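Undergrad: Dropping a structure here in structure tokens format, bear with me for questions.
The values are calculated or read from the model by the stated rules, or taken from the named source; none is laboratory data. What you see is a predicted model; the values in this text were computed from it and never measured. Positions of Cβ are backbone-derived with ideal geometry, glycine not excepted, and every protein chain shown enters the neighbour counts. Accessible surface areas use protein heavy atoms only, side chains included; no ligands, DNA or RNA. Shrake-Rupley method; radii C 1.70, N 1.55, O 1.52, S 1.80 Å.
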Amino acid sequence: MKLEKVRSLFIEYFKDRGHTVVPSSGLIPRNDPTLLFTNAGMNQFKDVFLGLDKRDYKKAVSSQKCVRAGGKHNDLENVGFTFRHHTFFEMLGNFSFGDYFKKEAIEYAWNFVTGTLKIPEQKLFATVYTDDDEAYGIWNKNIGLSKDRIFRFGEKDNFWSMGDTGPCGPCSEIFYDHGKENGCGKNTCNVGCDCDRFVEIWNLVFMQFNRGADGTLSGLPKPSVDTGAGLERITAVMQGVASNYDIDIFRELKKEISKGASLSPSDAKAAPYYNAVADHLRAAAFLIADGCYPSNEGAGYVLRRIIRRAIRHGKVLGFDSPFLHKKVSRVCDLMGSSYGELVSASKDIAKTLKQEEERFFETLEKGLGLLEKELSASGSVKTLKGDIAFKLYDTFGFPLDLTQMICRERGIDVDVAGFDSEMEKQKQRARAAGIKRRAGGAVSDLEMEILKSKSSEIPATVFRGYDEMSLGSKCLMIIKNNKIVQAVHPGEKAVLVFEKTPFYAEGGGQVTDTGQIRDEENGRVIAKVRDVQKPVSGIFLHVVDGVNTEIRQGKEYFLEVDKNRRMLVRRNHTATHILHYLLRKNLGTHVRQAGSFVSDEVLRFDFTHTEKLSNEVIRDIEDQFAELIISNPVSSREMAFKEAKNDGTIALFEEKYGDTVRVISVGDFSRELCAGTHAEDTSEIGIFKIISEESIGSGIRRITATTSLNAYRVLADGYRLLKNISGELKVTGEDIFTRIQSLLDENKNARKELEKERERSSRSELKDIIGRASFIGNTGVIFSEVGNASVKQLKDHTDFIKAGSPGSVIVLYSADGNNAVYTVYVPQMLHSKVTAADIIKIINDSTGGKGGGRADFAQGGGAEINKLNCLKTDVNNYIASKLGV
């Protein structure tokens, strides 16, 4: 049975039992800063389990894309070298949000495994938490599993927690016995052994407790179920193989990888490397398809590590040039029918991989050369120095784990503490250079906790902001100084919850509405609303500063959005949709939104693309934009998420979408899921102007633009500047560029003439310096100051003097303010007695400068110029002592 079939059987099994089929969320969690990657099926339901989000269903089933290659859940080291570890894998899961519990969950799992899949019962075992007698009884009495096939384990193995506090509960697992031939051979080998015989294929988590800050457990009012079954592991069972890497999809990938390799997949020594390359290729393809690109931080850096490990593994297999990008099409062939994003992003995946491969192959050989040199020089030493590991990381792009892997193959450890020390030094340098700090939010963490605790008592805020910008509404809750109060008084700050609101809460990249609260319609203003947040699903928090009169819970007030500001915001938001459409039209369908910011002043749109946009492309986009906004209606409607997806609607950050979604259509060319506010017609936008286009990370570009009044101001300012320049240059507008180019050419020619004059002057000065050379024995020594020269110019002067005074030691220096830069040259014939590095050290020690170099040439700087002027005799004496004169 192929992997695709196992997946479809699982989904259909639970669908037939009343579970809602929920698509896999993306691999990059957009709204959970605690995770680098989606690493479990429950991630997209986290807020549901916490009570912060409500869905239209109580039972769900999914096949979730997962990556475990960073942070707490990191399987990277084991990938390829064990039977069952992966960076990318699929987790099958069924979930109950207060519907069924242990009995049904265990029966569902057992019946699917033994009934639908027909796995022999004698090959299966169960585990329960040591104190979970209820689960033990269900397995023994309801399922009929004998006691010798049920194992009790402690908290480490069979108790799951979402964090230090919050929902938690015992687990029950199903294990499959792959047979003695795959075991460790020990008499004690049984369920729970680390060998490859007994493999967990399904984990059932029973969330029935809440852990308090003091560690105590209390029962949850609605116990829930979260299960996870490894698709690759179950497929291995169904195909009768012990290793996940021997299932159909990996066999096909390894066959593709072998094309161009010098080693065969059947070679036992090559097998782990084939496994790892196949896994890493699949992981990289899915991550890039989900908008993750190689970079030097966060998820992007983990992706870079995965790709570079694959490159090095490929080198072991005989690949000496980029090869991964050539295999992408096979990944798409094998998995594209289930994951269409692979197919639509296939060109971008290949292009990104090729760029990353070319970049790393440029430094790989040099890095391996340095590593080989250090390992050979270490002799019997079994630890690579931390500073060398850091140099491999910093200079040659070797992630630490890659260096560790290469060293481990030769039985050598890496001084990780030394590496960390060097890394910390670099971070300190970065901090010294200035690091931006993130500003705090308007709603405190304690206020968030208060709201969570009361969320079940407060009805969801009714948002009327799509149709109304002012309305009357009852105040339901007041939070002041992190406490719930009955009233807020003049001059005090507070957070207010109303029954309904016209205020848009910050979200989806769009800024919050601002406005005011009146005591009645057209009445006096009693508070200014400066921020609106929605930290708990459905409940809007209105942040007010310094109210003018008392606001009391239970009373009705009149809420009024700043209309002019809202109009500017919504024009910019509609503009982002049009821009998204035009980027995909002009650059390709690989372009996907990677983030956005929409305010009343500007819009920022981040998108996936690897190359800088040319001026011509930017001009074309602006021209096409101008045509589209002459008049095109903007409409919204609610529809089923599945219907919207099937209709070609572009979905962004889909893990946060419910069953019913809002679709924004612009004309007949743009259709996106969006909860933001929008113009009613594109003609409202008036003017669109791109201000800048830049890279904000590997594979991610950002366009900053503006519309309407702000765009007019940008253009008007530009026009005024152009008029001023044309007036100064005394030319008409169309001749400005020609005139500026003429001035630049004149300036360039003048600089060349000035440089030639300086060259003639310096040559004369250098000839004079050569004429003043002193001699120590038969060796000429030139120690001289040169006027107004950089280190590069000192090097050039040294080359000139070498030609006129061959065999001489040359020390040149030049003033740089109160300090100096200096260079030292020593001919090769003298290296056995004195070197440039020796002399530079004498200068550094005597003057307080810093520098170094090779035997033939060294350079330094920072010395006090007056001390250098007095050093000639000391340097001559040092050279004389070394030459024995």
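Undergrad: I'd like the residue in region 342-367 that is open to solvent by 40 Å² or more (accessible area, probe 1.4 Å) and at pLDDT below 85 and, out of all such residues, is farthest from Ile306 (Cα to Cα). Give the derivation first.
TA: Let us first name the residues in region 342-367 that are open to solvent by 40 Å² or more (accessible area, probe 1.4 Å), namely 343-344, 347, 351, 354-355, 358-359, 362, 365-366.
Checking which are at pLDDT below 85 leaves us with 359, 362, 365-366.
Working: Arg359: 14, Glu362: 17, Glu365: 18, Lys366: 20 Å.
Here the answer is Lys366.
Undergrad: Could you say whether any residue in region 767-777 is among the hydrophobic types (A, V, I, L, M, F, W, C) and within 30 Å of Ser726 (Cβ to Cβ)?
TA: Filtering region 767-777 for residues among the hydrophobic types (A, V, I, L, M, F, W, C) gives 769-770, 773, 775-776.
Okay, now just the ones that are also within 30 Å of Ser726 (Cβ to Cβ), so none.
For region 767-777, residues among the hydrophobic types (A, V, I, L, M, F, W, C) and within 30 Å of Ser726 (Cβ to Cβ): absent.
Undergrad: With respect to the numbered conditions (1) assigned to a helix (DSSP H, G or I); (2) open to solvent by less than 50 Å² (accessible area, probe 1.4 Å), which one is the sole condition not fulfilled by Pro322?
TA: Checking Pro322 against (1) assigned to a helix (DSSP H, G or I); (2) open to solvent by less than 50 Å² (accessible area, probe 1.4 Å), the one that fails is (1).
Residue by residue, here is whether (1) of a type outside the set (S, T, N, Q); (2) closer than 25 Å to Lys767 by Cα; (3) free of Cβ contacts under 8 Å to residues at least 60 places away in the same chain; (4) not in a strand (DSSP E or B) holds:
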position: Gly807; (1), (2), (3), (4): yes, yes, yes, yes
position: Val821; (1), (2), (3), (4): yes, yes, yes, no
position: Val824; (1), (2), (3), (4): yes, yes, yes, no
position: Ser832; (1), (2), (3), (4): no, no, yes, yes
position: Ile840; (1), (2), (3), (4): yes, yes, yes, yes
position: Ala855; (1), (2), (3), (4): yes, no, yes, yes
position: Gly862; (1), (2), (3), (4): yes, no, yes, no
position: Val875; (1), (2), (3), (4): yes, yes, no, yes
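Undergrad: How many of the residues in region 504-532 are in a strand (DSSP E or B), open to solvent by 30 Å² or more (accessible area, probe 1.4 Å) and either among the aromatic types (Phe, Trp, Tyr) or under 19 Å from His678 (Cα atoms) (or both)? Explain how you work it out, then say what you get.
TA: First, pick out the residues of region 504-532 that are in a strand (DSSP E or B): 507, 510, 515-518, 525-532.
Next, from what is left, pick out any that are open to solvent by 30 Å² or more (accessible area, probe 1.4 Å): 516, 518, 525, 528, 530.
If we keep only those that are either among the aromatic types (Phe, Trp, Tyr) or under 19 Å from His678 (Cα atoms) (or both) as well, we get none.
Number of matching residues: 0.
Undergrad: Going by the structure shown, is Lys391 more than 21 Å from the chain's Cα centre (by Cα) and in a helix (DSSP H, G or I)? Show your work before the answer.
TA: Numbers: more than 21 Å from the chain's Cα centre (by Cα): yes; in a helix (DSSP H, G or I): yes.
Against the criterion (more than 21 Å from the chain's Cα centre (by Cα) and in a helix (DSSP H, G or I)), Lys391 qualifies.
Undergrad: Tell me, yes or no, whether region 781-802 has at least one residue that is aromatic (Phe, Trp, Tyr), farther than 27 Å from Lys756 by Cα, open to solvent by 10 Å² or more (accessible area, probe 1.4 Å) and part of a strand (DSSP E or B). Break it down stepwise before answering.
TA: First, the residues of region 781-802 that are aromatic (Phe, Trp, Tyr): 783, 800.
Pick out the ones that are also farther than 27 Å from Lys756 by Cα and you get none.
Looking through region 781-802, none of the residues is aromatic (Phe, Trp, Tyr), farther than 27 Å from Lys756 by Cα, open to solvent by 10 Å² or more (accessible area, probe 1.4 Å) and part of a strand (DSSP E or B).
Undergrad: Would you pick out the residues in region 25-43 that are in contact (Cβ under 8 Å) with a residue 24 or more places away in the chain, assigned to a loop (DSSP other than H, G, I, E, B) and touching a helix residue (DSSP H, G or I) at 6+ places or on another chain (Cβ under 8 Å)?
TA: Ser25, Gly26, Leu27, Ile28, Pro29, Arg30, Asn31, Leu35, Leu36, Phe37, Thr38
For (1) surrounded by fewer than 19 Cβ atoms within 10 Å (Cβ to Cβ); (2) aromatic (Phe, Trp, Tyr); (3) touching a Phe, Trp or Tyr at 6+ places or on another chain (Cβ under 8 Å), each residue gets a yes or a no:
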site	(1), (2), (3)
Gly192	yes, no, yes
Glu200	no, no, yes
Val205	no, no, yes
Ala213	yes, no, no
Leu217	yes, no, yes
Leu220	yes, no, yes
Gly240	yes, no, no
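Undergrad: For region 679-698, which residues satisfy the criterion of being hydrophobic (A, V, I, L, M, F, W, C) and assigned to a strand (DSSP E or B)?
TA: From region 679-698, those hydrophobic (A, V, I, L, M, F, W, C) are 679, 685, 687-688, 690-691, 696; that's our starting set.
Hits for region 679-698 are Phe688, Ile690, Ile691, Ile696.
Undergrad: Would you mind finding the one in Arg304, Arg308 that is of a type in the set (Lys, Arg), touching a Phe, Trp or Tyr at 6+ places or on another chain (Cβ under 6 Å) and under 28 Å from Pro29 (Cα atoms)?
TA: Values: Arg304 fails: touching a Phe, Trp or Tyr at 6+ places or on another chain (Cβ under 6 Å).
Result of the check over Arg304, Arg308: Arg308.
Undergrad: Return the residues of region 464-483 that are of a type outside the set (Ser, Thr, Tyr) and surrounded by 15 or more Cβ atoms within 10 Å (Cβ to Cβ); say none if nothing qualifies. It would help to see each step written out before you state the result.
TA: Of the residues in region 464-483, the ones of a type outside the set (Ser, Thr, Tyr) are 464-465, 467-469, 471-472, 474-483.
Once the filter is applied, which keeps residues that are of a type outside the set (Ser, Thr, Tyr) and surrounded by 15 or more Cβ atoms within 10 Å (Cβ to Cβ), region 464-483 yields Arg464, Gly465, Met469, Leu471, Cys475, Leu476, Met477, Ile478, Ile479, Lys480.
Undergrad: Taking the condition under 14 Å from Asp226 (Cβ atoms) and either touching a residue at least 12 places away in the same chain (Cβ under 8 Å) or open to solvent by less than 20 Å² (accessible area, probe 1.4 Å) (or both), does Lys46 pass?
TA: On the way: under 14 Å from Asp226 (Cβ atoms): yes; either touching a residue at least 12 places away in the same chain (Cβ under 8 Å) or open to solvent by less than 20 Å² (accessible area, probe 1.4 Å) (or both): yes.
Answer is yes for this residue.
Per-residue answers, yes or no, for (1) at pLDDT 95 or above; (2) surrounded by fewer than 20 Cβ atoms within 10 Å (Cβ to Cβ); (3) over 29 Å from the mean Cα position of the chain (by Cα):
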| position | (1), (2), (3) |
| --- | --- |
| Ser243 | no, yes, yes |
| Glu252 | yes, yes, yes |
| Leu263 | no, yes, yes |
| Ala271 | no, yes, yes |
| Leu303 | no, no, no |
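Undergrad: Can you pull out the residues in region 592-604 that are at pLDDT below 90 and touching a Ser or Thr at 6+ places or on another chain (Cβ under 6 Å)?
TA: The first filter runs over region 592-604 and keeps only residues at pLDDT below 90, leaving 592-595.
Once the filter is applied, which keeps residues that are at pLDDT below 90 and touching a Ser or Thr at 6+ places or on another chain (Cβ under 6 Å), region 592-604 yields Arg592, Ala594.
Undergrad: For region 804-825, give me each residue that is over 16 Å from Asn844 (Cβ atoms) and hydrophobic (A, V, I, L, M, F, W, C). Quick ask: steps written out before the conclusion?
TA: First, the residues of region 804-825 that are over 16 Å from Asn844 (Cβ atoms): 804-810, 814-815, 817-818, 825.
Selection gives Val809, Ile810, Ala815.
Undergrad: Which of the numbered conditions does Cys292 fail, given that it passes all the others? Conditions: (1) open to solvent by 30 Å² or more (accessible area, probe 1.4 Å); (2) of a type outside the set (Lys, Arg); (3) outside any helix (DSSP H, G or I).
TA: Only one criterion is unmet by Cys292, namely (1).
Undergrad: Would you mind listing the strands (runs of 3 or more DSSP E) fully within region 120-163 where at least 2 residues are modelled with pLDDT under 95? Explain how you work it out, then say what you get.
TA: Values: elements: 124-129, 150-153, 159-161.
Result: 159-161.
Undergrad: Another question, if that's okay. What's the number of the only condition in (1) closer than 22 Å to Arg233 by Cα; (2) in contact (Cβ under 8 Å) with a residue 40 or more places away in the chain; (3) open to solvent by 60 Å² or more (accessible area, probe 1.4 Å) that Asn111 fails to meet?
TA: (2)
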